[in-house]
Number of protein chains: 2
Amino acid sequence: MIKVHHLNESRSQRILWLLEELSLPYEIVQHTRDAKTRLAPPSLTDVHPLGKSPVIQDGALVVIESGAIIDYIIRRHGGGRLAPDAASADYDRYQQWLHYAEGSAMLPLMLNMYVGRLGEAGAPLHPRIQSEIANHLAFVNDSLAGRDYFVGDSLTGADIQMSFVPEVAKAMGKLADYPHMAAWIGRMHARPAWKTALDKGGPYALGA
Amino acid sequence: MIKVHHLNESRSQRILWLLEELSLPYEIVQHTRDAKTRLAPPSLTDVHPLGKSPVIQDGALVVIESGAIIDYIIRRHGGGRLAPDAASADYDRYQQWLHYAEGSAMLPLMLNMYVGRLGEAGAPLHPRIQSEIANHLAFVNDSLAGRDYFVGDSLTGADIQMSFVPEVAKAMGKLADYPHMAAWIGRMHARPAWKTALDKGGPYALGA
């Protein structure tokens, strides 16, 4: 049975959502952020030297990295669900979204969070960071125009992996500028698996 | 024939290296950074709305994101080379490295580069950034202990995708602290395909 090391208000929420969508049996091991520093607790370094969440254990195998975990669970345990046919061009687009979410889109959002802690001292970086955030959010929003999902006509791991980008846009109060993203979030939040994952993982606030 | 939109001193260097390793025919379209801002030129937005490099075109398909491009080229054109057997646990590790490089390891390195532009004003963030860089470099270095390659006994796309992390450590003058990384870089730089890619793409300095 897959064991998910879950950190409150973190990227591991996506893994719970995925497992609920697949109706796979799993066990949650709860780790809690330090109330003051907001950092992950040392208990996570017992599972993997980086001490980050998400990390899953499946028998002897330990897998880190949201995109790799989603790819792994769907390939090994999905039974053909939640990914396009491997021979199709949609599969290439699916892989691209799996990589793009954390490989590019989250960077300016993380920069914004870190540099925000500097207050006015970070001001010289703000124009560049805001312009990069706008660049990525516009691209994601445009990619959802006329579509219900990121790839094809049904939910895939790409929607799950990408979910933090629209969620952060929402947390930043920017959804009004990105209507396709807003509509997509509405559809995802209406899914029973989303709601169950939120019940099990706890609410999260993606402060940005 | 695959068309690689190559930006000088950028992540697209890895794609040239991959194509040289596979001896695939390809065409380089050269884009040059603005000499003053170091930003990518507008010519890249004609290829993809994000205006970033690397981006490849293969017939009608446009693929962005280093990890996704490496995965794509090897899956569709590798003929079984440069990736572990898909049924093996090494394949899961291979996918993990493809995601980890840009999904996690590069984040503190990019933060260091951006926050470094603030000079002393960025000082409050330095301890956290440096500790995260040390955390990731130690993990990568330890993962290479007793191994010639990131996965299995021969070169895979994981080495190519991960290459920027040891290269940035080198540019930061930190290689002496990470001997397994230093040895790995020595092996990679000795490969004929590495040298040919460097000849074609031009030298790059990963200032951090």
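Details
- Considering each residue of the stretch B:69-87 in turn, at least one proves to be within 7 Å of chain A (Cβ to nearest Cβ) and crowded, with 19+ Cβ neighbours inside 10 Å.
- Scope the stretch B:26-66; condition under 18 Å from B:PRO203 (Cβ atoms), surrounded by 13 or more Cβ atoms within 10 Å (Cβ to Cβ) and among the basic types (Lys, Arg); matching residues: B:ARG33
- Candidates are the residues of the stretch B:135-150 that are exposed (fewer than 14 other Cβ atoms within 10 Å of the Cβ) and not in a helix (DSSP H, G or I); the one that is farthest from the other protein chains (Cβ to nearest Cβ) is B:ASP148.
- Residue ID - nearest to the other protein chains (Cβ to nearest Cβ), chosen from residues in the stretch B:36-61 that are of a type outside the set (D, E, K, R) and closer than 30 Å to B:SER154 by Cβ: B:LEU61
- The set of residues in the stretch B:153-201 that are open to solvent by 20 Å² or more (accessible area, probe 1.4 Å) and in a loop (DSSP other than H, G, I, E, B) comprises B:ASP153, B:SER154, B:MET172, B:GLY173, B:LYS174, B:TYR178, B:ALA190, B:ARG191.
- Criterion (over 30 Å from B:LEU22 (Cα atoms) and either in the same structural domain as B:HIS77 (by TED's automatic domain parsing) or within 16 Å of the chain's Cα centre (by Cα) (or both)) met by exactly one of B:PRO124, B:PRO108: B:PRO108
- When B:MET110 is tested against (1) within 7 Å of chain A (Cβ to nearest Cβ); (2) touching a Lys or Arg at 6+ places or on another chain (Cβ under 8 Å); (3) within 26 Å of A:TYR100 (Cα to Cα), exactly one condition is not met: (2).
- Every listed requirement among (1) closer than 19 Å to A:SER104 by Cβ; (2) in contact with a Pro (Cβ under 8 Å, 6 or more places away or on another chain) is met by B:TYR94 save one, (1).
- Summed over the stretch A:113-134, residues that are within 11 Å of another protein chain (Cβ to nearest Cβ), open to solvent by 10 Å² or more (accessible area, probe 1.4 Å), closer than 24 Å to A:SER10 by Cα and assigned to a helix (DSSP H, G or I) total 5.
- Taking the numbered list (1) part of a helix (DSSP H, G or I); (2) in contact with a helix residue (DSSP H, G or I) (Cβ under 8 Å, 6 or more places away or on another chain); (3) more than 9 Å from every other protein chain (Cβ to nearest Cβ); (4) in contact (Cβ under 8 Å) with a residue 60 or more places away in the chain in turn, A:LEU98 passes all entries but (3).
The values are calculated or read from the model by the stated rules, or taken from the named source; none is laboratory data. Treat the numbers as computed from the prediction; the structure is a model and nothing was measured. Methodologically, a virtual Cβ is constructed for each residue, glycine included, from the backbone with ideal geometry; neighbour enumeration extends over all protein chains shown. Note: accessible area is taken over every heavy atom of the protein model, side chains too, but ligands, DNA and RNA are not part of it. Shrake-Rupley method; radii C 1.70, N 1.55, O 1.52, S 1.80 Å.
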